[in-house]
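Nothing in this text is a laboratory measurement; each read-out follows from the coordinates by a stated rule. Being a predicted model, the structure only gives us computed values, none of them experimental. Backbone-built Cβ (ideal geometry, glycine too); neighbour counts: all protein chains shown.
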4 protein chains.
Amino acid sequence: MAKRRDENETEFGRIVAFSDGVFSIAITLLVLNLGVERGLTEGQIDNALWDQRDTFFAYAISFAVIGRFWLVHHRFFAEVDAFDSRLIGLNLLYLGWVVLIPFSSELLGEYGGDTTSVVFYSVNLAVVVMLGALMGAGARRRGLMRIDDRTHRENQIRSAYIAGIFLLSIPLAFFVPSVAPYLWLALFIDPSARLTAWRAS
Amino acid sequence: MAKRRDENETEFGRIVAFSDGVFSIAITLLVLNLGVERGLTEGQIDNALWDQRDTFFAYAISFAVIGRFWLVHHRFFAEVDAFDSRLIGLNLLYLGWVVLIPFSSELLGEYGGDTTSVVFYSVNLAVVVMLGALMGAGARRRGLMRIDDRTHRENQIRSAYIAGIFLLSIPLAFFVPSVAPYLWLALFIDPSARLTAWRAS
Amino acid sequence: MAKRRDENETEFGRIVAFSDGVFSIAITLLVLNLGVERGLTEGQIDNALWDQRDTFFAYAISFAVIGRFWLVHHRFFAEVDAFDSRLIGLNLLYLGWVVLIPFSSELLGEYGGDTTSVVFYSVNLAVVVMLGALMGAGARRRGLMRIDDRTHRENQIRSAYIAGIFLLSIPLAFFVPSVAPYLWLALFIDPSARLTAWRAS
Amino acid sequence: MAKRRDENETEFGRIVAFSDGVFSIAITLLVLNLGVERGLTEGQIDNALWDQRDTFFAYAISFAVIGRFWLVHHRFFAEVDAFDSRLIGLNLLYLGWVVLIPFSSELLGEYGGDTTSVVFYSVNLAVVVMLGALMGAGARRRGLMRIDDRTHRENQIRSAYIAGIFLLSIPLAFFVPSVAPYLWLALFIDPSARLTAWRAS
């Protein structure tokens, strides 16, 4: 049975606080993938940094992606009026895949041009997006949140778009693994914002 | 002497926030047990990931277990009306054992088929469950929370069930260490939910 | 479109809580740059600690700097009355550069007298300050906060002063890299506090 | 100038939340000092765990100590009615020494019987206690909190007692380094609680 949010503020607050904690730690742990060896000479330091350019790229893209997931999670929970144990359970499963991102990112930074790394990263992020969409759809169906059809449609388009990018990069990774990550730059285009703008015009 | 929660909201809130912080960090640190060496060739990457299958399993089970402990902790503190220094002290001791889980999980991931690792992991988790049950029983006895007998009984059954699984896997680990972890899948069965369903029928 | 803070307390609270989480983790991860090797003899331990004096210095300066950034962020968000997606986006970008500090600090601790490390550290911190100033100026222009001209001017002077210190240390690092970090001690002088004191006299 | 707490709830809340964050991360990072090498045989695992007994001891004592510091900090901020920039600054300095504890603990776990480690650990903890006492005394003198003389006296006794234990273990470390840590078990005796009990009798 679902508990109403306004009657269980502390309990609801803890779910959100725990999720925020996990998000903020996962996003900060990304920095641990960067590192320098000890005892290098002056010229070697520059090389060591340059050799990590893929790791810097993975850092930037993963920070942006986790940040965006947090934002979506944030907006989603702002709309939620009630919660049940299924929502809490799915949220935990969702966070379990979010926490994997620093590892996938390490893999990507270390072996950026490798098929396995790109596939691993893509699968990880696609699962996060799909679990998020599942959580949203379920919450709506079970009456835990009240959003109008249009907003719901927009959220669905957005999720499908992001999941689509990562799913598309999987076959790409088998032929041109080093190109696939560039596809992810399409993440910075927001299709539903454009849709809204286009409708309003 | 016990302080009433509604008169000490900030102080109570900090206990909960600190606990949430510890839980969310402990659960996120699990990802640090996963890692890839530098300088592998393409085929070696796949092998390196495959060799970590036990660590992935340990990650999944530990994430589920810490998540579940957090949930129980969360429900417990939602019922608490007052707190005293003994509750705070026990809570710290409890958290001290929760924080050990990422280490036990590392051990389990690295040496999954080894008696010592399985025993270590089982003892760690059994202690957490028992300290949690102790904290709950004490809080109830000292009048810090008001729950009816039936809910209390259900909580006790649940704790005894989970502690039982881990305690049972200790002798098992001496004979068939690689089988013991499969016993833990029984965690995903909730005995008191079934009990409730059975009673209702 | 901007959302009013007093009508979206939970949502606003999460932005702040997430930022606080990131700040507190980034500042705490600084300790991971310190470390001792295993298996040293008694005399070697003292040497190992002494050899880390640059890392201790980097720890102290980075802790002070992140602490100060947190303080500025804290004061800034205390003045904000409304928020829009641009503010949230810029805040994420800002945090992305804050989280880099433990890595820059590691580099600085390991290779304190090296041009690259000092430049890297300086650029990192200068970018943080400039993004912070940008965030503040934008929030003010879009009417998200109401601060009087004088306070705004003081904030600008303070930002320009801190960014100036780090930008100045970049050319310095090319000629006298080991001297540049001493320039950063000027951070502990607060120019606008002095300005205020001088005006008041 | 001091800001009243009840008029600046969000701002005050962030100081507390940031401190809680730092405390909970520092206490959780302690687990990273524990670790197992890869590729050990069955018998070697047991030895590897047994060789870490000092690290387990350091983990337990440091967890208890940080937990206790958090408790004191928690009680202190529960009494605070107002805050000024000096309190915030001192609090940051205090946290900067708290965050060092995982490193001191690593040193102690690795080289428990060594003079340098014991001195380092003792100095670290003594500084934390003294900064805490300084923060409390200053806050009281500047009228930021209202506590009666008796409570204040008790807090002072408690701080002096804890600081005394760590300061005492410094000379001890020069003669019998492996004995000094046992002195710290005296931490678990609460002198002012006993004092209160004795007065009441």
Run down the aspartates and glutamates and flag those whose C-alpha is under 17 Å from the C-alpha of C:Lys3, throwing out any fewer than 8 positions away in its chain. A:Glu79, C:Glu11, C:Glu79, C:Asp81, C:Asp84
Percent relative contact order of the range C:100-173, based on C-alpha pairs within less than 8 angstrom and at least six residues apart? 43 percent
Sequence gap at least 6, Cα distance under 8 Å: using those rules, report the relative contact order of chain A to the nearest whole percent. 23 percent
To one decimal in nm, how far is B:Ala60 from the same spot in the other copies, if labels go 7 Å from Cα toward Cβ? Please give the shortest first. 3.5, 3.5, 5.0
Summing -39500 (n - 2.57) over the DSSP H runs of n ≥ 4 in the protein assembly as shown and dividing by its residue number, what mean residue ellipticity at 222 nm do you reach, to the nearest 500 deg cm²/dmol? -25000 deg cm²/dmol
Using a 7 Å offset from the Cα along the Cα-to-Cβ direction at both C:Leu32 and B:Asp46, what is the distance between the two label points in nm, to one decimal? 3.1 nm
Counting pairwise Cα distances across the range D:143-186, what percent come out greater than 12 angstrom? 66 percent
For B:Leu167, go 7 angstrom from Cα along the Cα-to-Cβ vector, then report the distances to that same point in the other copies in nm, smallest first. 4.8, 4.8, 6.8
Hydrodynamic radius by Kirkwood for the range B:1-73, inverse mean 1/r across distinct Cα pairs, in Å, is 15.2 Å
The exposure ranking of D:His73, D:His152, fewest beta-carbon neighbours within 10 Å first, is D:His152, D:His73
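Counting other Cβ atoms within 10 Å, keep those with at most 12, restrict to DSSP loop, and tell me which trypsin sites (Lys or Arg not before Pro) in the range A:22-75 are left.
Sites meeting the loop and neighbour criteria: A:Arg38.
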For chain A, just run the numbers: alpha carbon Rg, then divide by 2.2 N^0.38 Å, N being how many residues it has. 1.16
Are there GluC sites (Glu not before Pro) in the range D:29-126 that DSSP puts in a loop and that have at most 11 other Cβ atoms within 10 Å, and which ones? D:Glu37
Added length on full extension, which subtracts the Cα-Cα distance from 0.36 nm per residue, B:Val179 to B:Glu9: 56.5 nm
For the range B:1-92, averaging the sequence separation of alpha carbon pairs under 8 Å that lie six or more residues apart and dividing by its residue count, the contact order in percent is 59 percent
Going fewest to most other Cβ atoms within 10 Å around each Cβ, D:Ile66, D:Ile147 line up as D:Ile147, D:Ile66
Mind jotting down a quarter of the surface of the convex hull over the alpha carbons of the protein assembly as shown, in square nanometres, one decimal? 37.7 nm²
Please list the helices of chain B that count as membrane-span-like by this rule: a mean Kyte-Doolittle hydropathy of at least 1.6 together with Cα atoms stretching 24 Å or more along the helix axis, each helix being a complete DSSP H run. none
Computed Kirkwood radius, in angstrom, where 1/r is averaged over Cα pairs of the range D:64-145: 13.6 Å
Place the label 7 angstrom along Cα→C-beta at A:Gly39 and in each other copy, then list the distances from the first to the rest in nm, shortest first. 1.3, 1.3, 1.9
Amide H neighbours of D:Val80 at under 5 Å, excluding residues fewer than 5 places away on the same chain, with H built from the backbone geometry, are none
